[in-house]
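Coordinate-derived values only; no laboratory data. Note that the structure is a prediction, hence the values are computed from the model and not measured. Note that each Cβ is placed from the backbone with ideal geometry, even for glycine, and that neighbours are counted across all protein chains shown.
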Amino acid sequence: MRRFNPPRLTALTAALLVPVVLVVVLAGIWLSSHAKGTPSIAVSSPTARPAPTPAPLPSVWPQETGGTTDPPRAYGRIALTTPSGPPPGHLDATLAPDATLAPPPQFAGTTGFVERVAAPDALTVEAIAAILAPRAPLTTDADITVWGNGALRYDAGRAAFAWQPAAAVAGLPLVPRDLGTAVDAGVQWLHGKGLADALVPAVARQVSNGDSASFATWNVTVPHGGGQSAATETTMLVSASGLIARLDVVHPIVVARSAYPLGDWQAAWAHVQAGSAYSISATGAGSPIPLHVDSVQITSQVVRTAGGLMVIPMYAFADSASRTTAYWPALAPADYTLP
């Protein structure tokens, strides 16, 4: 009887069988992991996605050319009328010995621009109201228009908006922590609302009383740009609470401008020191008595005149402690009259 001898496993055969065995083993593992009742579970750490940033609204402002350039002193003697708002009242003003003066300290003989301006058109005013106080009833009294029970106020005589928002609509895109982030928060918010360009030369200063304040607050100022009036300016009061406390926008539209000579600041100071001011702005507790002036600068303001709205150079006498400023015309005295 012939005996069957199984084939001997050579080294070559064994080497060829190894891959086959591995394939069978892996297939068995796959089948067991996908068998009914034993599903495989993938575990991963979820990644939080940032909330989408809404696209900025279109700019509410029309294209501005800056108007025409008229000959020097083209508007003759400028007859100023009584400024809108409460009268400044009597001032007891002193000048600090180390007061900061805008260079050069003597302006007599130099010139500045007087601008003939107009208020923004009705479409622009309505667009701003729709952004800041949508669907709110409005009331109108002469040049003053009010929305939202006084939250938004527009003064056509100064081409100026003032907004004091409720906390629910006053949120900033980021929480300010210092001067830099205060500027970033203000500019991002303005750009998102179509009220300013994304890149503007904004500045900020802290106005809260240091550590004694609940939240630090900063005043963010966005000055005028190309084609706009010298008086065009947006100011925001922003807080480390992440909210806007107040927004002011002054934005006259330039029709034409003319060069006028400037008077000496000491002559303007004599009027303020004597207890007079053409106008006063106060972002602090109010108009202090006395007013201790520590800064003299030249700026511009929208004023009413017998010939309509104009922007004229003004001397600004500021008391930084109380955040109060008194203004007097910077034009040579022969070129303007007071009411």
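Overview of values
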| quantity | calculated |
| --- | --- |
| Residues with amide H under 5 Å from that of residue 314, placed H, sequence gap 5 or more | 299, 300, 301, 330 |
| Relative intensity, log₁₀ I(q)/I(0), of region 262-339 from a Debye sum that treats every alpha carbon as a point, q = 0.21 Å⁻¹ | -0.94 |
| Fewest-first sequence of 229, 239, 281 by Cβ atoms within 10 Å of each Cβ | 281, 239, 229 |
| Amide hydrogen neighbours beyond the local backbone of residue 194, cut-off 5 Å, H modeled | 57 |
| Note, ³J(HN,Hα) from phi for region 323-339, Karplus 6.51, -1.76, 1.60, rounded to Hz, x at Gly and Pro | 6, 10, 10, 9, 10, 9, x, 9, 6, 4, x, 6, 9, 8, 10, 9, x |
| Global geometry of region 178-270, whether rounded, prolate or oblate, following the gyration tensor of its Cα atoms and the 1.5 cut on a/c | oblate |
| When the convex hull of its Cα atoms is projected in every direction, mean area for region 118-162 (nm²) | 2.8 |
| Radius of gyration and maximum dimension Dmax of region 96-218, Cα, Å | 18.6, 52 |
| Along principal axes, Cα extents of region 195-339, largest first, whole Å | 49, 39, 21 |
| Amide H contacts under 5 Å for residue 337, placed H, 5+ residues apart | 78, 79, 80 |
| Neighbour-count order for 314, 236, fewest beta carbons within 10 angstrom listed first | 314, 236 |
| Size of region 221-298 as Cα extents on the principal axes (Å, biggest first) | 43, 38, 17 |
